[in-house]
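First up is the structure itself, then whatever we jot down about it.
The values are calculated or read from the model by the stated rules, or taken from the named source; none is laboratory data. The shown structure was predicted, so the numbers you read here are calculated from the model rather than taken from an experiment. Note: ideal-geometry Cβ built from the backbone for every residue, glycine included; neighbour counts use all protein chains shown.
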């Protein structure tokens with residue numbers, strides 16, 4: 001074997017070992033099992049970033065469907081968790097719209113609204129508009145189809161007006 005090949009192989013082995021040591025310090029695993037879990041998540045993150053850069057990023061449709069099922073059952077925390085897993089890079093307008101809508105539905109109340117959830121809904125809605133300015137939901141079960149309609153509901157829910165003290169407000173329906 002040629003001496004240059006042995007030197008190149010030695011440099012490669014030292015580089016791989018150095019990268020492994022850096023990874024261990026960065027990941028700070030407590031057990032051996034945790035090393036493989038953190039390595040897998042690191043590789044998955046790198047692959048996802050590569051897909052975004054290459055323009056081939058797609059959501060996890062199975063997780064999206066699970067989130068949609070939870071959304072329809074009014075389990076909004078689980079729905080948002082599944083939507084987050086389905087669209088980890090927050091690059092799909094439809095998934096972000098459902099996330100914003102879930103904040104609206106969970107925060108909506110007959111007497112008062114949850115301002116913190118409404119604000120989070122507005123943040124998710126801003127991502128929808130950045131991704132697709134002309135987004136319109138195709139879901140027939142949703143009463144609010146566009147980001148503008150949902151934004152209006154969220155912003156009105158954050159305002160304190162004289163209408164908030166109307167006792168007939170209890171009879172209104174959630175959209």
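Summary table
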| read-out | value |
| --- | --- |
| Qualifying positions in region 75-131 - outside any helix (DSSP H, G or I), surrounded by fewer than 24 Cβ atoms within 10 Å (Cβ to Cβ) and without any contact (Cβ under 8 Å) to a residue 60 or more places away in the chain | 75, 88, 89, 90, 91, 92, 109, 111, 112, 113, 114 |
| Boolean, residue 19 is modelled with pLDDT of 90 or more, surrounded by fewer than 15 Cβ atoms within 10 Å (Cβ to Cβ), out of contact with any helix residue (DSSP H, G or I) (no Cβ under 9 Å at 6 or more places or on another chain) and in a helix (DSSP H, G or I) | no |
| Restricting region 132-151 to residues that are part of a helix (DSSP H, G or I) and either free of Cβ contacts under 8 Å to residues at least 24 places away in the same chain or at positive phi (or both), the residue that is surrounded by the fewest Cβ atoms within 10 Å (Cβ to Cβ) | 148 |
| Given (1) part of a helix (DSSP H, G or I); (2) modelled with pLDDT of 90 or more, index of the condition residue 157 fails | (2) |
